[in-house]
Amino acid sequence: MKATGLLAGVAGALVGLVMLPILALALVVVPAATATVVQLSGCEQGGPGGGSIVVDRQQLGADEMDIARTIVDVVQQRRLPRRAAVLAIATAMVESGLRNLDYGDRDSLGVFQQRPSQGWGTREQILNPVYATGKFLDALIALPGWDTMPPGRAEQAVQHSGFPDRYAPREPTAAAIVDRFWTGPDNPAPSPPVGGGTQAVPAKTLCPDEGASEVPRDPGQVDPTKLPPGFTLPDDVRQRAAVSFALGQLGKPYVWGAKGPDAYDCSGLMLASWAAAGVGIPAGTVSQVHAGHAVASIQQVEPGDLLFIPGSLGTAQVPRHVGMYAGHGLIVDAYDTDTGVILEPLSAWTSKIVAIRRIADPDLPSPPPGGSPLR
């Protein structure tokens with residue numbers, strides 16, 4: 001990732017939105033075991049991973065910190081040592097700058113720049129950070145003595161990079177990031193048998209849930225978990241894949257920061273749905289509102305479009321809730337922790353929508369999710 005100024009990107013203007021001035025924030029220096037973390041923004045610009053930070057002169061935005069938290073969460077759910085999270089984040093920082101890229105060198109994709117042609121999975125799988133992290137960890141723990149190798153050695157053994165010296169310098173920064181999310185012991189006991197013992201400890205979230213919907217529900221108007229008779233999927237291949245995936249998650253629980261496969265928050269459902277269509281988008285709502293391109297009006301909405309509303313704690317300038325238009329006057333979204341993934345009528349959202357983003361136009365190549373080319 002190319003170096004930028006400390007405050008670059010903290011409060012970029014939202015495309016298609018009216019942006020109000022953001023008050024300057026005092027920088028807070030947070031001591032860490034291995035590196036210095038400078039907090040640039042707080043939860044008004046953050047998500048489950050907190051706001052944007054600088055770690056030893058490298059700036060990471062709220063979206064990158066969301067992905068970092070996802071990586072730590074996957075490691076903890078698998079009850080792997082803390083060292084695995086450090087190596088995974090160091091690798092992701094080198095390969096993508098902790099971004100869910102749908103481009104890269106040759107056919108490289110995603111957070112770890114994994115290549116479908118090299119057996120890492122399909123394009124659709126790799127563009128989901130949960131899957132990509134799991135595949136990285138599979139390869140890592142298959143290495144004998146991976147947790148005691150010198151800095152950079154294990155990462156290179158997994159990635160086979162043409163630039164093997166880039167990983168070791170990232171480990172102190174990665175360790176400082178892991179410090180922000182890790183809970184429980186550094187070396188947890190193996191997973192207990194099914195039905196007994198304690199379960200894996202999830203990574204902590206650094207900001208409260210600001211993504212819940214505030215749209216009043218009327219289950220009598222639309223069955224929240226069942227498609228109406230005559231519903232058809234869109235004809236376009238990518239729109240069909242994204243909408244079909246989202247609808248396949250109906251009834252699953254809402255968990256703040258989750259990106260599947262068992263639970264989702266609102267932006268996590270959007271990321272996973274478009275990954276299923278082979279299109280990578282950013283991790284959080286505040287970044288997804290920049291994805292693709294703006295749609296001018298509700299009259300032009302198409303299946304697969306992302307619809308943004310303020311949500312329970314957001315604003316028109318910084319919307320905190322997102323759903324997908326499924327077609328036939330229906331929206332699918334992860335509503336809140338009490339409700340989960342449901343269908344809602346578009347008419348209930350119409351007056352609250354502050355932005356519409358089209359991720360992929362029919363018959364056109366998908367746009368990159370943002371950022372500059374990798375190398």
Check your understanding: With respect to the numbered conditions (1) loosely packed, with under 14 Cβ neighbours inside 10 Å; (2) part of a helix (DSSP H, G or I), which one is the sole condition not fulfilled by GLN156?
Key -> (1)
**Study point:** Out of ASP165, ASP186, sole residue that is modelled with pLDDT of 95 or more and open to solvent by 60 Å² or more (accessible area, probe 1.4 Å)
**Key:** ASP165
**Study point:** Candidate set: segment 337-361, residues that are in a loop (DSSP other than H, G, I, E, B) and of a type outside the set (Gly, Ala, Ser); chosen: the one nearest to GLY280 (Cα to Cα)
**Key:** ILE359
Exercise for review: Report yes if some residue within segment 253-266 is touching a Pro at 6+ places or on another chain (Cβ under 7 Å), among the charged types (D, E, K, R) and at pLDDT 95 or above; otherwise report no.
Suggested key: yes
Check your understanding: From the list GLY284, GLY329, GLY278, GLY260, which residue is out of contact with any Gly (no Cβ under 8 Å at 6 or more places or on another chain) and closer than 23 Å to ILE126 by Cα?
Key -> GLY278
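Okay, residues lined up against (1) in contact with a Gly (Cβ under 8 Å, 6 or more places away or on another chain); (2) aliphatic (A, V, I, L, M); (3) open to solvent by 10 Å² or more (accessible area, probe 1.4 Å):
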site	(1), (2), (3)
ALA62	yes, yes, yes
MET65	yes, yes, no
LEU80	no, yes, yes
ALA92	no, yes, no
GLN113	yes, no, yes
PRO129	yes, no, no
ALA132	yes, yes, no
Revision key, fill the gap. Of PHE163, PHE181, PHE112, the only residue that is touching a Ser or Thr at 6+ places or on another chain (Cβ under 8 Å) and either touching a residue at least 40 places away in the same chain (Cβ under 8 Å) or of a type outside the set (Lys, Arg) (or both) is PHE112
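The values are calculated or read from the model by the stated rules, or taken from the named source; none is laboratory data. Keep in mind that this is a model prediction, so the values were computed, not measured. Reconstructed Cβ throughout: ideal geometry from the backbone, glycine too, with neighbour counts over all protein chains shown. Accessible surface is based on the protein model in full, side chains and every heavy atom, while ligands, DNA and RNA are left aside. Shrake-Rupley method; radii C 1.70, N 1.55, O 1.52, S 1.80 Å.
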